[in-house]
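The values are calculated or read from the model by the stated rules, or taken from the named source; none is laboratory data. All values reported here derive from a predicted model rather than from experimental measurement. Cβ placement follows ideal geometry from the backbone for every residue including glycine, while neighbour counts extend to all protein chains displayed.
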Amino acid sequence: MHSDPLAGHFSVDEIYRRVKIRYYWPQMFNDVHQYVRTCDECQRRGKNRRTEPLHPIKVGQPFDRIGMDIVGPLPKTKNGNMYIVVATAYLTKWPEARAIPNAKASSVVSFFYEDIICRHGCPKEIITDRGTHFVNEMLVSLCDNLGVKHRLSTAYHSQTNGLVEHFNRTLCEAIAKYANANKDDWDLYLSSVLFAYRTKCHSITRHEPFYLMYGHDAVLPIEFAVSTMQSKCAEENPQDDLLNRIHTLTGKVVIDRLETQDNICKAQQKQKKQHDEDLHIMQYKIGDLVLPYQSQLRGKQKLQERWKGPYYVHEVLGNGVYKLRTIEGKILKVPVNSERLKLYHQRK
């Protein structure tokens, strides 16, 4: 329930949440924590500790407001795809994405019409960068005809379109973990990763996007093999109670959506005030296994690991600076600052 494509390589808290609502055994959290923290793929990917501030954006109702972006170019797949066009709903955090061969306006408009409008209805507003794939006559004409407001941000500036920028990073991290060594089959895992994200409890809304959209939790494939508490409860409930349950769930999801709006507003205010706080500088000792961070990954490199290694700490130079050596014993010439290092946890 962590490394499977339908699980998404998500955090300890998310994997523990999924396990806890379905199973129980002694020391369950410790087992989950140890398994996730020693996942090699997760340790080699992920952003550095510093984060960017977010500008508050009113969320509205489900799919009232969405952010759109283009990810790529990525390694060309066997199906000829090199880009991903992405849209994320601001309230539910529900993502839609499509692998496309190019970043032309026609590909973006086709995605917006077929995957957004035809599935979820017309949004009141879309937020994009100023790239030509979004600022063009085709998309402007479609938005004007449908009454959709098109809001532009500074190109590739996550402060204005932070939601979709955050999802882009999560999406690339996830599909990279499942793609082969040549990274030319990543588009085969896109649908699975989308499902994993849609069934992930969002840290801000405190709900799964799937639940906020449909009013109930998704049924996972494992539940057909191993019964869960929910599936057993559903089998035991008489059919006569079905309508009552539907009315109860319908009312509950409306309340939960209102609470979600409040949770998002509170989180936005807190993030705006504290975005530059909580910096934590680690101190390492000789012999520690560490991973150095690579910040400059562009274009086709985006699916490569951001954390290389592991290396041993060879020497402590002071002021948070360290010399490293490879597993084979070769000492690296260039020292590394502690802000660009993190501990590597080996799985026993």
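Would you kindly identify the strands (runs of 3 or more DSSP E) lying entirely within region 76-177 that contain at least 1 residues that are of a type in the set (A, V, I, L, M, F, W, C) and within 26 Å of Tyr211 (Cβ to Cβ)?
83-89, 95-100, 125-128
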Flagged in region 178-219 as among the hydroxyl-bearing types (Ser, Thr, Tyr), at pLDDT below 90 and in a loop (DSSP other than H, G, I, E, B), in numbering order, are Ser203, Thr205
Output for Cβ contacts, cut-off 6 Å, separation at least six or different chains, first residue assigned by TED's automatic domain parsing to the domain that holds Phe63 in region 116-136, second surrounded by 21 or more Cβ atoms within 10 Å (Cβ to Cβ) and assigned to a helix (DSSP H, G or I), reads His133/Val108
Going through (1) assigned by TED's automatic domain parsing to the domain that holds Val140; (2) in contact (Cβ under 8 Å) with a residue 12 or more places away in the chain; (3) surrounded by fewer than 19 Cβ atoms within 10 Å (Cβ to Cβ) one by one, Ile21 fails only at (1)
